[in-house]
Amino acid sequence: MDAFIQQLLNGLLSGSLYALVALGYTMVYGILRIINFAHGDVLMIGALVGLSVIRVLQAAFPDMPPVLLLLAAAMIAMAFCAVLAVVIERVAYRRLRNAPRLAPLISGIGVSLLLQTVAMLVWTRNPQMFPQLLPLAPIEVLAGDATHAAVTNATALTTIGVALSLMVGLLLLVERTRFGRAMRAVAENPQVASLMGINPNRIIVMTFAIGGALAALAGIMMASNYGSAHFYMGFLPGIKAFTAAVLGGIGNLKGAMLGGLLLGLIEALGTGYLGAATNGVFGSNYQDVFAFIVLIAVLVFRPQGVLGERLATRA
Amino acid sequence: MSLATAVSPSSKRASLGLLLFALALVLAPWIVGHAGGNTWVRTLDFALLYIMLALGLNIVVGYAGLLDMGFIAFYAVGAYLAALLSSPHLLQQFPALLALLPEGMHTSIWLILPLAALLAAGFGVILGAPTLRLRGDYLAIVTLGFGEIIRILLRNLDRPVNLTNGPKGIAQVDPVTLLGVNLGRTQELFGLRLPSVYLYYYLFAALVVLILFACIRLERSRIGRAWMAIREDEEAAQAMGLNTLRLKLLAFAIGAAFGGISGALFASFQGFVSPESFTLNESIAVLAMVVLGGMGHIPGVILGCVLLAALPEALRASMGPLQQALFGQVLVDPEIIRQLFYGLALILAMLYRPAGLWPSRTGGAP
Amino acid sequence: MNHPLLQIEKVNKQFGGVAALDDVSLSIEAGEIYGLIGPNGAGKTTFFNVMTGLYTPDSGRFQLDGQEYQPTAVHQVARAGIARTFQNIRLFNAMSALENVMVGRHVRTHNGVWAALSGHSRGREEEAQTRAHAHRLLAYVGLAGFANYRADSLSYGHQRRLEIARALATEPRLLALDEPAAGMNASEKVQLRSLLEKIRDDGHTLLLIEHDVKLVMGVCDRISVLDYGRVIAVGAPAEVRRHPQVIQAYLGAGAHV
């Protein structure tokens, strides 16, 4: 089982991030039946805003502890992206709620391009170094010689921990609170929900805000792990997270989480083993192909996903 | 009944429009070339390639109502086919082939174009067959996935066998030779000195006209009506006996064929292809042209291409020097401005003109 | 003629263990207007969807004009000769009335891509015939002046007629109408009735699924009554009207016959 544990760790890391982003897709789809194509770019903006916050704080308070720095950046970026997501809904989607299905998708593509353009204008087209604020020292999970060891670091472990706890938190929010009940009611039937005194627009705004905040956090964690951020970093995670959402059953929160983790693992194990089996000919350069093949296979053969479409079972 | 809108296919106006279009098409390079030189004529050449692409995508999106976000893949297929068949790359990789063709392949454009159309159509059918049952938004994402897979394959198929030369791309693609005339060089024809970009312009223009006629004829045929019926209401179309799956495949294949032709021309024109010409952003650019101009309406689609292909280029050419003059440096990369246009075009079109700037009088929204 | 035009035997269809159709049989003679009625939720629409290939039945035999057909794909049923209209009108909205009817001609014509591109004379001829046929049908249903109007710009009653013309364009052996009177006012209903009778008198066979009992009783030659997925009565309107189970079913549902 060569690098199995290592692949598992890698898969868990990217999978938990996919899951976090997938939640945003799935919640919006569950309520509005639209694919928020710009969601991946909200992640990107989150990472870049976080980067700017860190730079400003570092310049103003050179003695600020790194953990606090990261925390502050995360909070501000999350708030920023919550608002951004709400603005996107307001500007690009609200008018199109009763339009043909493809209209909000096309307008979302436009928003995605626009956000990338803005990012290029503000942060240039070049990848920006993202400071590694958590200790980089390797943490040995599995001791052994070079090919059998499994190593991780504080950033990765924090990422996985934070992502998993946020997911549990969101599940509790949706299943145990008044807000969650209202959200499920709107997903089930907006007209009836509004007759019961729920304002669907408020719920929709909240949904976008939560999704935006989670995406921002995912963006910052992604940038922390890779050590860089750039205007195009949202595209692939966005598509993969959407794949995860569909894989788990779109509209289904637990499905999005499961789908995210599953996709991360498939990717890591698939590329790892295929790469090894073909002497690196079909290795990590095909990693993204895996995600796309999973996406296509799921959409074609099981569009209702592994756990089935939920949140609401409206046809 | 006063609210009802009458639709009459006033053919007189249509033929007048066609005449004006033809005139503009013939004169455009001279006007533009006079004003801005060969670089601008080159921009026109690209605009014509985009028109071919957009007319192809219009069959898929505009007529049949299928949102294809990986359309650029068919362009790539055509381009790489042309590159492989008319560059030394394959011969360098396979000595056996070189022994067979010591003079190089130099495949004729007359062979490359139909092959590109066929191959791209074949890809269209292969991609479409498993996916065309999906509902619209899922189809969009799946086609996006296919488009990306093709690009990643082009990037990586330099191993185990070097087929595509990977990210470096394939260079030394032959220029088009037409009836013994090499379009890659300046030629004296009928007493006129025609630089290469002019020669290509007229070749592209001829093909645009050909594709245009094909589109117009298809639009007004039994097949075109069936596509639009599917776009309007797939279930009702089925109830009228239409084999919707087959008709959608047909739309995919024909649209792809136009994309393939356009790609083959692109490769010969550039003399070079690489995977980076076939990104998702290019698919979206073509989509933006179709959407902005008017889905399903040919004049609108052409307008969209001219606006989104030529205008940003013109801006690119003028904005750089303008900024230089005003601020002493180039503050905003013109490439960014181009993308800004596309993004805004998509959003504003959906919000305010879902049927496009120049919609057909009976045409539909997405 | 020794066999009925449409013969459907013992159709069963279950949804999640609940029988929506329970051994439903139906036999329609050529040249009649046949009505299928029943209270809400009786299974009329399910039956219609099974018959036209939208839902796959669990069991059942289907014969059209003596030939067995399997309602597995909607377009094949239409090809076999059953054309339908929709309860909530479904026209090709952005197309003209004429084009809508021309789409109906699709199954009976052959022009393909080559005919379109080459414009050969046989293709042009077929296209001209399609157009002429569509014009005739528009006139037939009383929409002669509306050929070039967008379908969705027509009035409600006219849209219903257009849907019928479109269905007739497929040259159906059976014209199946799903609640054609839904949403019509009294005078539109009278016009609809005379249109249906004209269509029958011109040799067509019609199946009417209808909520409006009065219209069905007036226009239909024979009627089947569905209740809870079972046929409870078959016969001429006068017989069905007096059938105790029918009265029971409708009174139970709060309506009267």
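Among the conditions (1) part of a helix (DSSP H, G or I); (2) on the phi > 0 side of the Ramachandran plot, A:Gly260 misses just one, which is (2).
Touching a residue at least 40 places away in the same chain (Cβ under 8 Å), under 30 Å from C:Val77 (Cβ atoms), within 14 Å of chain C (Cβ to nearest Cβ) and not charged (D, E, K, R): does that describe B:Ile211?
Working: touching a residue at least 40 places away in the same chain (Cβ under 8 Å): yes; under 30 Å from C:Val77 (Cβ atoms): no; within 14 Å of chain C (Cβ to nearest Cβ): yes; not charged (D, E, K, R): yes.
Answer is no for this residue.
Please verify whether the stretch A:18-35 includes one or more residues that are closer than 30 Å to A:Asn201 by Cα, part of a helix (DSSP H, G or I) and in contact with a Phe, Trp or Tyr (Cβ under 6 Å, 6 or more places away or on another chain). There is at least one residue in the stretch A:18-35 that is closer than 30 Å to A:Asn201 by Cα, part of a helix (DSSP H, G or I) and in contact with a Phe, Trp or Tyr (Cβ under 6 Å, 6 or more places away or on another chain).
Give me the residue from the stretch C:152-196 that is at positive phi and more than 13 Å from chain B (Cβ to nearest Cβ) and, out of that set, surrounded by the most Cβ atoms within 10 Å (Cβ to Cβ). First the steps, then the outcome.
Within the stretch C:152-196, the subset at positive phi is C:171, C:179, C:183.
Pick out the ones that are also more than 13 Å from chain B (Cβ to nearest Cβ) and you get C:179, C:183.
On the way: C:Glu179: 20, C:Gly183: 14.
Looking at the filtered set, the residue picked out is C:Glu179.
Here the condition is being touching a residue at least 60 places away in the same chain (Cβ under 8 Å), within 14 Å of chain B (Cβ to nearest Cβ), in a helix (DSSP H, G or I) and surrounded by 15 or more Cβ atoms within 10 Å (Cβ to Cβ); of A:Val122, A:Val111, A:Val186, it holds for A:Val111 alone. Per the conditions (1) touching a strand residue (DSSP E or B) at 6+ places or on another chain (Cβ under 9 Å); (2) more than 7 Å from every other protein chain (Cβ to nearest Cβ), the sole criterion not satisfied by C:Gln129 is (1). Give me the residue from the stretch B:153-176 that is at pLDDT below 90 and not acidic (Asp, Glu) and, out of that set, surrounded by the most Cβ atoms within 10 Å (Cβ to Cβ). So the residue we want is B:Arg159.
For the stretch B:224-239, the tally of residues that are more than 7 Å from chain C (Cβ to nearest Cβ) and either of a type in the set (Val, Ile, Thr) or touching a strand residue (DSSP E or B) at 6+ places or on another chain (Cβ under 7 Å) (or both) stands at 1.
For the stretch A:70-82, does any single residue satisfy the condition of being in contact (Cβ under 8 Å) with a residue 60 or more places away in the chain, touching a helix residue (DSSP H, G or I) at 6+ places or on another chain (Cβ under 6 Å) and under 30 Å from B:Glu232 (Cα atoms)? Show your work before the answer.
Applying the first criterion (in contact (Cβ under 8 Å) with a residue 60 or more places away in the chain) to the stretch A:70-82 yields A:70, A:73-74, A:77-82.
When the remaining residues are screened for being touching a helix residue (DSSP H, G or I) at 6+ places or on another chain (Cβ under 6 Å), the result is A:73-74, A:77-78, A:80-82.
Filter again for under 30 Å from B:Glu232 (Cα atoms), leaving none.
No, because not a single residue in the stretch A:70-82 is in contact (Cβ under 8 Å) with a residue 60 or more places away in the chain, touching a helix residue (DSSP H, G or I) at 6+ places or on another chain (Cβ under 6 Å) and under 30 Å from B:Glu232 (Cα atoms).
Is it the case that C:Val240 is in contact with a Lys or Arg (Cβ under 8 Å, 6 or more places away or on another chain) and at negative phi? Judged against the criteria, C:Val240 is not a match.
With a requirement of 1 or more residues that are away from chain C (no Cβ under 14 Å) and aromatic (Phe, Trp, Tyr), the helices (runs of 4 or more DSSP H) lying completely within the stretch B:1-118 that satisfy it span B:11-36, B:38-57, B:72-85.
Checked against the criterion of being surrounded by fewer than 17 Cβ atoms within 10 Å (Cβ to Cβ), touching a helix residue (DSSP H, G or I) at 6+ places or on another chain (Cβ under 6 Å), away from every other protein chain (no Cβ under 14 Å) and farther than 27 Å from A:Ala223 by Cα, the stretch A:87-96 has no qualifying residue.
All told, A:Leu102 meets the bar of being within 14 Å of chain B (Cβ to nearest Cβ), surrounded by 19 or more Cβ atoms within 10 Å (Cβ to Cβ), under 22 Å from A:Phe37 (Cα atoms) and without any contact (Cβ under 8 Å) to a residue 40 or more places away in the chain.
A single entry from C:Asp227, C:Asp212 fulfils the requirement of being assigned by TED's automatic domain parsing to the domain that holds C:Leu5, over 21 Å from C:Leu5 (Cα atoms), of a type in the set (Asp, Glu) and in contact (Cβ under 8 Å) with a residue 60 or more places away in the chain: C:Asp227.
Name the single residue that is surrounded by the most Cβ atoms within 10 Å (Cβ to Cβ) among those in the stretch B:135-152 being farther than 17 Å from B:Gly259 by Cβ and at the interface with chain A (Cβ under 7 Å from one of its Cβ atoms). Here the answer is B:Gly145.
How about the stretch C:134-151: which of its residues are crowded, with 19+ Cβ neighbours inside 10 Å and either more than 9 Å from every other protein chain (Cβ to nearest Cβ) or part of a loop (DSSP other than H, G, I, E, B) (or both)? Walk me through how you get there before you give the answer.
Pass one, the stretch C:134-151, residues crowded, with 19+ Cβ neighbours inside 10 Å: C:134, C:137-138, C:141, C:143, C:146-147, C:149-151.
Selection gives C:Ala134, C:Leu137, C:Leu138, C:Val141, C:Leu143, C:Ala147.
State whether one or more residues within the stretch A:102-121 are more than 30 Å from B:Asp68 (Cα to Cα) and out of contact with any His (no Cβ under 6 Å at 6 or more places or on another chain).
Step one: filter the stretch A:102-121 for residues more than 30 Å from B:Asp68 (Cα to Cα), giving none.
So far as the stretch A:102-121 goes, no, none of its residues is more than 30 Å from B:Asp68 (Cα to Cα) and out of contact with any His (no Cβ under 6 Å at 6 or more places or on another chain).
From the list C:Ala80, C:Ala94, the one residue that fits, being at the interface with chain B (Cβ under 8 Å from one of its Cβ atoms) and surrounded by 20 or more Cβ atoms within 10 Å (Cβ to Cβ), is C:Ala94.
Of the residues examined, C:Arg105 is one that is under 20 Å from the mean Cα position of the chain (by Cα), among the charged types (D, E, K, R) and part of a helix (DSSP H, G or I).
Being of a type in the set (A, V, I, L, M) and facing another protein chain (nearest Cβ under 7 Å) is a property that B:Ala206 lacks. Screening B:Ala226 against (1) free of Cβ contacts under 8 Å to residues at least 60 places away in the same chain; (2) more than 15 Å from B:Ile59 (Cα to Cα) leaves a single unmet condition, (2). When the stretch C:199-249 is filtered for residues that are of a type in the set (Lys, Arg) and over 30 Å from C:Arg166 (Cβ atoms), the ones remaining, listed by number, are C:Arg230, C:Arg241, C:Arg242. For the stretch C:18-73, taking the residues that are among the aromatic types (Phe, Trp, Tyr) and touching a residue at least 60 places away in the same chain (Cβ under 8 Å), the one that is surrounded by the fewest Cβ atoms within 10 Å (Cβ to Cβ) is identified as C:Phe48. For A:Ala77, the conditions (1) within 23 Å of B:Leu280 (Cβ to Cβ); (2) buried (at least 18 other Cβ atoms within 10 Å of the Cβ) all hold with the exception of (1).
Which count do you get for residues in the stretch A:263-289 that are part of a helix (DSSP H, G or I), more than 18 Å from the chain's Cα centre (by Cα) and not aliphatic (A, V, I, L, M)? Break it down into steps so the answer makes sense when it comes.
Our first condition is that a residue be part of a helix (DSSP H, G or I); within the stretch A:263-289, this holds for A:263-277, A:284-289.
Now restrict to residues that are more than 18 Å from the chain's Cα centre (by Cα): A:269-277, A:284-286, A:289.
Subsequent filtering for residues that are not aliphatic (A, V, I, L, M) retains A:270-273, A:275, A:284-286.
Matching residues across the stretch A:263-289 total 8.
Taking the stretch A:264-285 only, how many residues are buried (at least 22 other Cβ atoms within 10 Å of the Cβ) and either of a type in the set (Lys, Arg) or within 13 Å of chain B (Cβ to nearest Cβ) (or both)?
Selection size over the stretch A:264-285: 1.
The values are calculated or read from the model by the stated rules, or taken from the named source; none is laboratory data. Source: prediction; values computed, not measured. Using ideal geometry, Cβ is built from the backbone for each residue, glycine included, and neighbour counts are taken over all protein chains shown.
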